[in-house]
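The values are calculated or read from the model by the stated rules, or taken from the named source; none is laboratory data. Bear in mind the structure is a predicted one, so any value in this text is a computation, not a measurement. As a convention, Cβ positions derive from the backbone with ideal geometry for all residues, glycine included, and neighbour counts pool all protein chains shown. We work out accessible area using only protein heavy atoms, side chains counted, and drop any ligands, DNA or RNA first. Shrake-Rupley method; radii C 1.70, N 1.55, O 1.52, S 1.80 Å.
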Amino acid sequence: MPIKTLQIPTADGRADAFAAFPDRGEHHPGVLMYPDGFGIRPVLREMALELAGHGYYVLVPNLFYRHGPAPVIELPEHIGAEARPAVFAQLMPLIEAHTTERVLSDADSYLRFLTTRPEVAAGPVAVTGYCIGGLLAVRTAAAHPGQVAAVAAFHGPVSADGPDLYSKITAEVHLGHAEGDMTPEALGELNQALDAAGVGYTSEIYPGTIHGFPMSDTDAFSASGLKRHWDRLLPLLDRMANS
């Protein structure tokens, strides 16, 4: 299963990225995968390869390319509690600089690049994301309703922009929330907003999880949470691919 290093032209320069895709010479449904705030690193390559193994072309961009190529900051092999304060002190200025305007401009560039790859099948694509990448995935789906047919966000702050964002989404949505991030009451309010917007969705709290649960290189990792993530994500993408 090949991984290819790429440079994506954007309005502000070139974003480094990688793509994972099957090595069969055919076209594959496209998936744009937004990393969590820690960015591109081995665990993201593992997850992209897992998706590629199911027949998808998976594009993973460096969100913070304006500040340098990935890894933009130095990360420990395992991101434990003792490392988090120093890591977040470096990350927060990058996240704060990644304004909504930049997010949407970059999303235009990423989707344009993804849909013109010779390995990518014609038709709609999917977008998925983790942590801040989950919010970016939802924003991308809302900004490109004719192009994005499926969107999944995991432990993402998807309510940050308010309910008006949901009314622009035509994609099928899955939201997988960490139990440590979302109360049942907050989940009910979110799901009511999605209902009011007419979104086709599933939105649930993953039992026994905390923020960051799919990432095996952090102390938040939950094997059962990661399995549930794949159990929800793969059928969603299959429905997109077969629609």
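Computed quantities for the displayed model
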quantity	calculated
Diffusion constant of the range 18-70 at 37 °C, which comes from Stokes-Einstein with the Kirkwood Cα-pair radius and 0.692 mPa s, µm²/s	286
Local net charge near PRO29, Cβ-Cβ under 12 Å (Lys/Arg +1, Asp/Glu -1)	-1
Estimated FRET transfer efficiency when R0 is 30 angstrom, pair GLU204-GLU74 (beta carbons, to 0.05)	0.30
Potential lengthening between GLN192 and LEU49 on full extension [0.36 nm per residue; Cα-Cα distance subtracted]	48.0 nm
Whole-Hz couplings from phi, Karplus 6.51/-1.76/1.60, listed for the range 40-57; x for Gly and Pro	5, 6, x, 5, 5, 5, 4, 5, 5, 5, 4, 5, 4, x, 9, x, 10, 9
For the chain, share of DSSP beta bridges that run antiparallel, in % to the nearest 5	30
For the range 174-189, Karplus couplings with θ = phi - 60° (6.51, -1.76, 1.60), whole Hz, Gly/Pro x	10, 10, x, 9, 6, 4, x, 9, 10, 7, x, 5, 5, 4, x, 5
Length added when fully stretched, ALA160-ASP238, from 0.36 nm per residue minus Cα-Cα	25.2 nm
Pair-distance profile P(r), taking every C-alpha pair of the chain, with 5 angstrom steps and integer %	1, 6, 15, 20, 21, 18, 13, 5, 1, 0
Relative contact order (percent, whole number), the range 1-45, Cα cutoff 8 Å, 6+ residue spacing	30
Three semi-axes of the equivalent ellipsoid, the range 153-238, Cα gyration tensor, whole Å, largest first	23, 15, 10
HIS27-GLU185 FRET efficiency (beta carbon distance; Förster radius 45 Å; 0.05 resolution)	0.50
Isotropic mean projected area of the C-alpha convex hull, the range 97-223 (nm²)	8.5
Net lengthening on full extension, LEU6/ASP219 (0.36 nm per residue, minus Cα-Cα)	73.7 nm
Area accessible to solvent at LYS4, 1.4 Å probe radius, in Å²	100
Mean separation of Cα contacts under 8 Å (6+ apart) over length of the chain, as relative contact order %	17
Taking the range 81-182 and dividing mean pair separation by its residue count, relative contact order in percent (alpha carbons under 8 Å, at least six apart)	21
